[in-house]
Structures are given as structure tokens and as C-alpha cells.
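Have a look at the structure below before the remarks.
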Amino acid sequence: MNRFIALFCAVFPALSSAAYSPTPTETAVFEAVLRDEFNAFLEGGETVIGSRQGLARAPAVAVAMAYARGASAPHPASMDNALLVSGAVASIERDARGKHMAAFATPQPVTVRAELPPGMSPAASLTLVCGKMRVVDSSPTFSDCQDAAVVGRQAVAALKADVANFYEGKPTEASVSRMAINVAFYASQLPADHGCPDEMAQCRQHIEAATASASRSQALRAVVRRFQDAGVDLSPYEGGAPSAD
């Protein structure tokens, strides 16, 4: 469902604060979105939870291609910003400091390495959130890394808390309010047997159908009315909501 996350965050503008009680279907859809976000994050994919943390994606294969000719202006020899590093693992060895270093499998002659965080078990593929990158002996080497599963769980919990705050009328980021509103829209279009969140394939199929629905504009207006009835002030946005066509 992750490919629909852009729709969840772009169909409707941010709203002012209000008190709102989500329906059981909205809760189910939101849980499906959170699960899909977490799974996509673990694969090194583009996600809302990643963008909220300012994480740049750094698939090992792409890094190897970028540094195939060595460091240059667009690909510096050192970086000190958070990166989401992912890829299949070719080998794991201990360095001179006793640290476990993973070498990623890439088609390029450039070896991309990452230092495993303490206690993390080796695996056939890895996704890490790393704070530093240095080119060492022509090899881009990531350090100050955390297990993406740990970071992802924290990010999902933070997003869930922020959406709950939005429902309670507390200030939130625009992306949070947009997601909540659009979850409400998609939930309003699902049948009783939608399958969310446990039957993801079934859930995804129904969301795809809602995306293509000819009555989408009417459904969006109905969602707006529900938020208005809950006391949400939509006056700054009335007449400016994007079309569902």
C-alpha cells in the first residue's frame, strides 16, 4: 500500500485543529498504512516516516554507482547527515577495532561498507540508519549506524501519536493532518470486508478501487462535512480543496 501514501498526504490540504473521533474503519486503514510504512522503511524505500526524519535514501547499489569514479563534488568523501542505507550483504567481517563491518553486494567494483550497531545480528540483507559516511580506501563506509527496525518502530509510534494529537485538536505538521483526512476519505469508500489491516492484499485492492472511484469528489465533500460537524474550522480552505478528478 506504500505507493498510495502520496495520495494519503496530497489529496487534501492541512486543516485547523478540532476534536474528531475516527471510525473503526479509519482506525483499520491507518493501522494498515502504518504497517506498510514500517515494511517499506525496512526495505529502504521512500516513506513518510523516513521523510519526517529527514532521512536520505542510500541504497548500496546506488552508492557504489555514484562512487564508481571516486569522490567528487556531488559525491563527497565525507557526509555527516542521516542516511537510510540498504542492500544485500556479500560478507561480514571484523575490522581492526573488533567492529562487525558489512560489505554490500553491488555490481560495481566499488565496495560499500557499513558498521553494524552493537548487538545487531548479521543477515542476508540489511537496512541501517547511519549518521556518517567516509570514503576509506576508495570504499564508501558508513558508521554511527542504528538498526532500521528500531528506528522505524520509534518513527511509527511518533506518527501514530501525532495523528492522535490531530484528532484531539492539537497543533501538528501539515503532513500529519493531510494523512488523517485522507485516511478518512479512503475509509469512507471501503466495503465491510475491506480486510484492513490484516489482509493487506485485500485491503490494497479496495483502496485501489477507491482511488479510481468516479464518485471520489462527492466522497471528499462528505468527509469534509463530517469534519465540519465535529467542529473543524474549514473556512480557510473552502473552495480551495483540490479536485478528486
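The values are calculated or read from the model by the stated rules, or taken from the named source; none is laboratory data. As the structure is a prediction and not an experimental result, all values here were calculated from the model. All Cβ positions, even for glycine, are placed from backbone atoms using ideal geometry, and neighbour counts span all protein chains on display.
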Any residue at all in segment 182-197 that is within 22 Å of the chain's Cα centre (by Cα), surrounded by fewer than 19 Cβ atoms within 10 Å (Cβ to Cβ), in contact (Cβ under 8 Å) with a residue 40 or more places away in the chain and in the same structural domain as Ala40 (by TED's automatic domain parsing)?
yes
Reported set for segment 186-213 where residues are touching a helix residue (DSSP H, G or I) at 6+ places or on another chain (Cβ under 6 Å), modelled with pLDDT of 90 or more and in a helix (DSSP H, G or I) is Tyr186, Ala187, Ser188, Cys203
Across segment 63-108, what is the total count of residues that are assigned to a loop (DSSP other than H, G, I, E, B) and within 30 Å of Ala161 (Cα to Cα)?
3
Determine whether segment 51-62 contains at least one residue that is assigned to a strand (DSSP E or B), more than 11 Å from the chain's Cα centre (by Cα), at pLDDT 95 or above and of a type in the set (A, V, I, L, M).
yes
Quick check on Val150: is it part of a helix (DSSP H, G or I) and touching a residue at least 24 places away in the same chain (Cβ under 8 Å)?
no
Can you name every residue in segment 124-137 that is over 26 Å from Arg69 (Cβ atoms) and surrounded by fewer than 16 Cβ atoms within 10 Å (Cβ to Cβ)?
Ala124, Ser125
Count of residues meeting criterion [farther than 16 Å from Ala64 by Cα and either loosely packed, with under 13 Cβ neighbours inside 10 Å or under 24 Å from the mean Cα position of the chain (by Cα) (or both)] in segment 78-123
18
Selection status of Pro242, outside the structural domain of Ala32 (by TED's automatic domain parsing) and either at pLDDT below 75 or in contact with a Leu (Cβ under 6 Å, 6 or more places away or on another chain) (or both):
yes
For segment 138-156, indicate whether the set of residues that are in contact with a Cys (Cβ under 8 Å, 6 or more places away or on another chain), surrounded by 19 or more Cβ atoms within 10 Å (Cβ to Cβ), closer than 30 Å to Met65 by Cβ and modelled with pLDDT of 80 or more is non-empty.
yes
Based on what the data block shows, is Pro117 free of Cβ contacts under 8 Å to residues at least 40 places away in the same chain and assigned to a loop (DSSP other than H, G, I, E, B)?
yes
Here the qualifying pairs (Cβ atoms under 7 Å; residues six or more apart or on different chains; first in segment 201-218 and among the β-branched types (Val, Ile, Thr); second outside any helix (DSSP H, G or I)) come out as Ile207/Met1
Test result for Lys160, part of a loop (DSSP other than H, G, I, E, B), out of contact with any helix residue (DSSP H, G or I) (no Cβ under 6 Å at 6 or more places or on another chain) and not assigned by TED's automatic domain parsing to the domain that holds Pro76
no
